[in-house]
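One structure is given below, encoded as structure tokens.
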Amino acid sequence: MTGDEDWDDAADATPIEETPGYLGHSWDGQLIAGPLLEPLRAFPPYEYQDLIPEHIRPLRILLPSGAVDLAYEPDSDLAMLLEQLPSIEVMADHGPADQGPAGGSGYVFTMANGASEASVAAEVAALIAAVSADLARLKAADG
């Protein structure tokens, strides 16, 4: 489940971007990417979601440590994929408790314990390659 750990910005006055290992965050599905997640801007989530059948889509990505099987659910946040990468920690950000009915939520992405910038970059590149290849297959099957 994405964001098993909650982001608690009220506990610390440190700006989110200065959080140790900060990679980026999303808010209401919009990615705010730090340099290591910037390549994810090439990921067309809506186009991909439109072509995915109504069930969980399996993806196999090739990491330096070996192949990893991921699952992507239609209409899910990009965080659902990122949390499955070993080098990335995903925390849920529920926003302020008093934000009202029009409030939003998101996710904060940091490097997992023991991860390096090189491992994050390699995993993000592998994810993009797998999604791009799967998107091409889906487009070809669609017509």
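The values are calculated or read from the model by the stated rules, or taken from the named source; none is laboratory data. Keep in mind the model is a prediction, meaning the values are calculated, not measured. Positions of Cβ are backbone-derived with ideal geometry, glycine not excepted, and every protein chain shown enters the neighbour counts. Only protein heavy atoms, including side chains, enter the accessible area calculation; ligands, DNA and RNA are left aside. Shrake-Rupley method; radii C 1.70, N 1.55, O 1.52, S 1.80 Å.
Quick notes on this structure:
- Modelled label positions at Y46 and A112, each set 7 Å beyond Cα in the direction of Cβ, lie 3.1 nm from each other.
- In the context of the full set of protein chains, region 49-143 has a per residue accessible area of 52 Å² (1.4 Å probe).
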